[in-house]
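Rule-based calculations on the coordinates, nothing more; no lab input. The structure displayed is predicted, hence computed values, not measured ones. Ideal geometry is used to build each Cβ from the backbone, glycine not excepted, and the neighbour counts take in all protein chains shown.
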Amino acid sequence: MKKILLLIFACLALGLVATGCGGDDEADSGGSSADQPAETAAEEPSADAGPAKDAVEVSMEGIAFEPSEVTVKTGGTVTWTNNESVGHDVTKGDGPGPDFSSGDPGAMAEGDTFEQTFDMAGEIAYVCTVHPNMTGTVTVE
Ligand SMILES: [Cu+2]
């Protein structure tokens, strides 16, 4: 009986210092099962150009449009939001439909949004005029 108690105490003492002694299996599995829902919730579908939608949002971050390629239905709307402290703009390049621009070059400050509706099918290229490498396309279906 004494030996068993000693073993239990030794096990408890070790358990405090390191991870061992069986009881940790429960703690580990409990921990990982608690982590799994959080990981699943954090996963979001890839934001690449997917099926056409009525409304799409594009973020301006890292001197880039994210995602840079989106698809909307005819009559659909794209909303750009500047999510960094660098000034940007949205200015149409090639493509069907009227020209559009968010305004003066680089005038969109952090938190500013610009919305454009697309009524003609086709592929519209656009650029941030102060960052010529900052380009994107809107495919209207
Ligand atoms: Cu820019």
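Provide Met120, Met134, Met108, Met60 in ascending order of the number of other Cβ atoms located within 10 Å of each residue's Cβ, fewest first.
Going from least to most buried by this count: Met120, Met134, Met108, Met60.
Lys and Arg at +1, Asp and Glu at -1: add these up for the other residues within a Cβ distance under 12 Å of Gly76 and post the number.
My count for the surroundings of Gly76 gives -3.
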